[in-house]
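Below: one structure, written as structure tokens.
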Amino acid sequence: MTRRILKRGFTLIELMIVVAIIGILAAIAIPNFIRFQAKSKQSEAKNNLKAVFTAERSQFQEYDQYLSTVGVLGFNPERGNRYYYELGAGAAVTNRAAVAQVSTPADTGIAVDTFKFNTMAAQPAAVAFAPGAYAGNEGTAPGVTPGLGPGVGLCPNCNILAFATGNIDNDPNIDMWVIATIDFGPTAPNCGDPTQSTGPAGAPWNNYDDVNCP
């Protein structure tokens, strides 16, 4: 006499419970993964702005002036940049929409590499900050250093600011980072770090944090 072994499968309710658990885990893990991925992209802006600061300080040590022209300064970040970089208020920006970038000696900024990221804006608009107030404080045509009063901004007391803007999580908001050759503030960040109301010289400052802001 042979014994028949009955094989019992999963019931529909058991399968639905497993699917629900997987859905809950995915709902928790996926947003955190996207946030971590976006956070890692911000390192591009921080590293390149630190390179700007180093180049500006070297320029000042040798020639007693800062420069807003990226070509003369020697600021040329690697291709594949998600951020737009600007050192001064000017219309000339290095274009990176083709295999070979198009630049002029008067360029004051580096556009987003739209050859690689063809859905991104070449110059993402900054939010709630006035970088033009810091631009143009060069040794040959110095302006007034913000916050120090009239007549104090002449070189060697002149300073310059650079900023980076980029869309790192495909929403309408723009991530923004600022670096300057002088401490600046108090400046209330627009959805940045509310505890950081000033920007110390040489340290990238996140004026709008697109990772944690809506």
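The values are calculated or read from the model by the stated rules, or taken from the named source; none is laboratory data. These numbers come from a predicted model, not from an experiment. Please note: Cβ atoms are built from the backbone with ideal geometry, for glycine as well, and neighbour counts cover all protein chains shown.
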Considering every residue within region 179-192, establish whether at least one is over 17 Å from the mean Cα position of the chain (by Cα), at pLDDT below 80, surrounded by fewer than 19 Cβ atoms within 10 Å (Cβ to Cβ) and on the phi > 0 side of the Ramachandran plot.
-> yes
Taking region 54-113 and the residues there that are closer than 23 Å to LYS41 by Cβ and of a type in the set (Ser, Thr, Tyr), the one that is nearest to the chain's Cα centre (by Cα) would be TYR83
In region 47-55, is there at least one residue being surrounded by 10 or more Cβ atoms within 10 Å (Cβ to Cβ), more than 21 Å from ALA162 (Cβ to Cβ) and modelled with pLDDT of 90 or more?
-> no
Hits in region 18-46 (condition: touching a residue at least 60 places away in the same chain (Cβ under 8 Å) and farther than 16 Å from PHE163 by Cβ) | ILE34, ARG35, ALA38, LYS39, LYS41
Restricting the first residue to region 85-104 and requiring it to be among the aliphatic types (A, V, I, L, M) and modelled with pLDDT under 90, which pairs with a second residue that is surrounded by 19 or more Cβ atoms within 10 Å (Cβ to Cβ) and in a loop (DSSP other than H, G, I, E, B) meet a Cβ separation below 6 Å and a spacing of at least six or different chains?
-> LEU87/SER68; LEU87/THR108; ALA89/ALA135; ALA92/ASP107
PRO172 vs. criteria assigned to a loop (DSSP other than H, G, I, E, B), buried (at least 20 other Cβ atoms within 10 Å of the Cβ) and modelled with pLDDT of 80 or more = no
Of (1) in a helix (DSSP H, G or I); (2) touching a residue at least 60 places away in the same chain (Cβ under 8 Å); (3) among the polar types (S, T, N, Q), GLN65 satisfies all except one. Which?
-> (1)
Name, by its number, the condition in (1) modelled with pLDDT of 85 or more; (2) of a type outside the set (Gly, Ala, Ser); (3) in contact with a Leu (Cβ under 6 Å, 6 or more places away or on another chain) that does not hold for THR165.
-> (3)
Regarding LYS39, is this residue closer than 20 Å to ILE174 by Cα, surrounded by fewer than 20 Cβ atoms within 10 Å (Cβ to Cβ), modelled with pLDDT of 90 or more and not polar (S, T, N, Q)?
-> no
If you go through region 114-129 one residue at a time, do you hit one that is under 19 Å from LYS46 (Cβ atoms), crowded, with 19+ Cβ neighbours inside 10 Å and modelled with pLDDT under 85?
-> yes
State all residues of region 130-145 that are closer than 15 Å to ALA164 by Cβ and either at pLDDT 85 or above or assigned to a loop (DSSP other than H, G, I, E, B) (or both); if no residue qualifies, say none.
-> TYR134, ALA135
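Can you name every residue in region 193-214 that is touching a Lys or Arg at 6+ places or on another chain (Cβ under 9 Å) and either at pLDDT below 85 or among the polar types (S, T, N, Q) (or both)?
Within region 193-214, ASN206, VAL211, ASN212 meet the criteria.
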